[in-house]
Amino acid sequence: QVQLVESGGGLVQAGGSLRLSCVASGSIFSRNTMGWYRQAPGNERELVARITSGGITYYVDSVKGRFTISRDNARNTVYLQMNSLKPEDTAVYYCRCTTILNSYWGQGTQVTVSS
């Protein structure tokens, strides 16, 4: 079983920045792919960014150049640095851990960007 705890969400004005953190326990963190997803009201949950165990990253087009995903295997933590935030980035952000056998979700953290 993997437990994920997200933090770092909040209210920020457009153009501002936030850094989300997700601490994982219960698995060998360094071997897993970690991802950040988001879900806005009325929308489906979508992948925002992903980082593999080897450090290969992927970003959805809407956040390229603004968001950066990174991981610290020594701290079992994955980060999402979000810059130049826009109102359309408003959503609940979820951390996801994908292992060989299963995938796990955190409880989510709210990000609200005011115009």
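Rounded to the nearest percent, how much of the accessible area of the chain (1.4 Å probe, protein heavy atoms only) is carbon and sulfur?
About 47 percent, which is the carbon plus sulfur part of the accessible surface.
Label the stretch 60-115 by shape, choosing from rounded, prolate and oblate, from the square roots a ≥ b ≥ c of the eigenvalues of the Cα gyration tensor; if a/c is under 1.5 it is rounded, and otherwise prolate applies when a/b is larger than b/c, oblate when it is not. Judged from the Cα gyration tensor, the stretch 60-115 comes out prolate (a/c at least 1.5, a/b above b/c). In the context of the full protein assembly, Ile56 retains an accessible surface of approximately 120 Å², using a probe radius of 1.4 Å and ignoring ligands and nucleic acids.
Charged side chains reduced to their Cβ positions (Lys and Arg at +1, Asp and Glu at -1) give the chain a dipole of some 240 debye around its Cα centre. In this simple spin-label model, placing a label point 7 Å from the Cα along the Cα-to-Cβ direction at both Arg19 and Thr112 gives a separation of 2.4 nm.
For the stretch 18-46, backbone nitrogen atoms closer than 12 Å to the point 7 Å from Gln81 Cα along Cα-to-C-beta are found at 18-20.
Across the chain, Cα pairs under 8 Å and at least six residues apart give a relative contact order of 36 percent. Of the residues Thr68, Thr109, ranked by 1.4 Å probe accessible area with the largest first, the sequence reads Thr68, Thr109. Label separation (Glu46 vs Ser30): 3.5 nm, computed from points 7 Å beyond Cα along the C-beta direction.
Accessible area per residue for the chain is 53 Å², calculated with a 1.4 Å probe on protein heavy atoms, without ligands, DNA or RNA. What is the ratio of the Cα radius of gyration of the chain to 2.2 N^0.38 Å, where N is its residue count, to two decimals? The value comes to 1.00.
Annotation for the stretch 1-91: GluC sites (Glu not before Pro) lying in DSSP loop with at most 10 further Cβ atoms inside 10 Å of their Cβ are Glu44.
So how strong a dipole does the stretch 26-85 carry about its Cα centre when Lys and Arg Cβ are +1 and Asp and Glu Cβ are -1, to the nearest 20 debye?
For this selection, approximately 140 debye.
The values are calculated or read from the model by the stated rules, or taken from the named source; none is laboratory data. Just so we're clear, the structure is a prediction, and the values are computed from it rather than from any experiment. In this analysis, Cβ positions are derived from the backbone assuming ideal geometry, glycine residues included, and neighbour counts consider all displayed protein chains. Protein only, heavy atoms only, side chains kept; ligands, DNA and RNA dropped before computing areas. Shrake-Rupley method; radii C 1.70, N 1.55, O 1.52, S 1.80 Å.
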